[in-house]
Amino acid sequence: MSKVRVGMISYDHVHAEFRSRALREMADDVSIVAIAEENEVRGREAVRKFGGTYYQDYRDLLSRDDLDLVFIHSANNTHKEIALDAIGAGKHLFCEKPLAATVPDAEEMIDAVKGSGLRHAVGFCSRFIPEAERAKEIIGEGLLGKLLSAKALIGLAGIKEIGCPDHMVEWMADPVRGGGGALIDEGAHVFDLLHWFIGDIQSVCCTTANLNKSHLKVEDNAITLIQFQNGALGSVSTLWSLNIDIGMRNVLEVYGTEGTLFVELTSKSPKVSLYTEWAAKTALRGWFDPYIKPAETEPHDYLSWPTHSRHYKREVTDLIACFKSGRPFRATFDDGLKVARVTEAAYRSAKERRFVDL
């Protein structure tokens, strides 16, 4: 395969802009040949910047026979309809996280793509942060021993406060179009990472609140307790009212019988810190901060490079390489369904004030 011909559906989510910029920088491997966006001004501006033919109706884009891969970045509650139409049109597809606003929608998407021969990926971009990759490697090699507990915090100063465009703020703060607030938005990343690092989740207990953004109809704060199928326990804090240096954080702690791992993914200085006594020589036991050589598109100085040059660039680079070579995608609709089930169980738990099994 020479160039992968991409169609972009919707710029509702700012991640469409980030990934379009990243794809544009891969001109030898990728060409954005079509863009569909209901808002004509937004759509034509995207065409001006990234190329391709403009369509106001995404179904007209799907009718083209020269598309290899379609990216969906619409409001959460529209993912299912667009994905089903893309599958019906025989298009391989990438869908922004969360996979869907509800579990039934996610299951319908899975049912449609299974047996179709089409490839599917979901936008869990946190898996492509180098520190997350190193953490996965450390856990996978057994350096922590039996996993006992995990603690995670992920959050933003707020969707408006970090600069998301007004049209995105509007639908993300809508309990129907967005599906919820901080829990479904930020939780998608960390629930996926915990699945990836530790294993499947068995049950959850959650409480939600709106403590700082009373103008929103959704929660700006949630805490979820987790029991994993392997017996490990965990807690996840998700925030849309985080007051901190760069306006966002994604940090995890993982505790095992043989070691402890601290992982800073989104911070001013991302890093991995490992405590272990496995080393044969006493002098090598204790705390280590493994040096992770940054790729050209993923420097450790988090603020000095444009947003799309961080993990979004690494994500789409891997996605296109996998697509061209036939290798499996790192995150698929199956992973998206797991996260949807955890999220829906957490919201149910908050409503019923009890632990909920998945």
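For this structure, a couple of remarks:
- The chain: C-alpha pair distances exceeding 33 Å, %: 27
- Gaussian network model of the chain, springs between alpha carbon atoms under 10 Å - residue of Ala112, Ala75, Ala340 with greatest fluctuation: Ala112
- Taken per residue, the accessible surface of the range 287-358 reaches 55 Å², heavy atoms only and a 1.4 Å probe.
- Overall, the range 1-89 carries a charge dipole of about 220 debye about its Cα centre when +1 sits on the Cβ of Lys and Arg and -1 on the Cβ of Asp and Glu, all other atoms neutral.
- The chain, dipole about Cα centre (Lys/Arg Cβ +1, Asp/Glu Cβ -1), debye to the nearest 20: 520
- Given charges at beta-carbon only (K, R positive; D, E negative), |dipole| of the range 129-178 in Debye: 260
- Span-rule helices in the chain, defined as complete DSSP H runs reaching 24 Å or more along the axis (Cα) with Kyte mean at least -1.0: 333-352
- Subtracting the Cα-Cα distance of Trp278 and Glu137 from 0.36 nm times their residue separation leaves 49.2 nm of extension gain.
- Stretching the chain fully between Lys3 and Ser116 yields a gain of 38.4 nm (0.36 nm per residue, less the alpha carbon separation).
- In the range 167-301, a dipole from Cβ-located charges (positive for Lys and Arg, negative for Asp and Glu) runs towards its positive end, and of Gly247, Ile226, Thr260 it is Thr260 whose Cα lies farthest in that direction.
- With all protein chains kept in place, the per residue accessible area of the range 216-261 amounts to 39 square angstrom at a probe of 1.4 angstrom.
- Accessible area per residue, Å², the range 50-206 with all protein chains present, probe 1.4 Å: 33
- The Cα trace of the range 1-140 gives Rg and Dmax of 15.3, 47 Å, the first to one decimal, the second as a whole number.
- For the range 120-129, Karplus couplings with θ = phi - 60° (6.51, -1.76, 1.60), whole Hz, Gly/Pro x: 9, 9, 10, x, 8, 5, 4, 5, 9, 6
- On a per residue basis, the convex hull of the C-alpha atoms belonging to the range 224-334 measures out at 192 Å³.
- DSSP finds beta bridges in the chain, and of those with both partners inside it, around 60 percent are antiparallel.
- In this structure, the pairs whose alpha-carbon distance is over 19 Å, taken from Lys49/Lys91; Lys3/Lys324; Lys97/Lys146; Lys3/Lys293, are Lys49/Lys91; Lys97/Lys146; Lys3/Lys293.
- Carbon and sulfur %, accessible surface of the chain computed with the full protein complex present, 1.4 Å: 49
The values are calculated or read from the model by the stated rules, or taken from the named source; none is laboratory data. Quick caveat, the model's predicted, so the values are computed rather than measured. Positions of Cβ are backbone-derived with ideal geometry, glycine not excepted, and every protein chain shown enters the neighbour counts. Remember, those area values only see protein heavy atoms, side chains included, never the ligands or the DNA or RNA. Shrake-Rupley method; radii C 1.70, N 1.55, O 1.52, S 1.80 Å.
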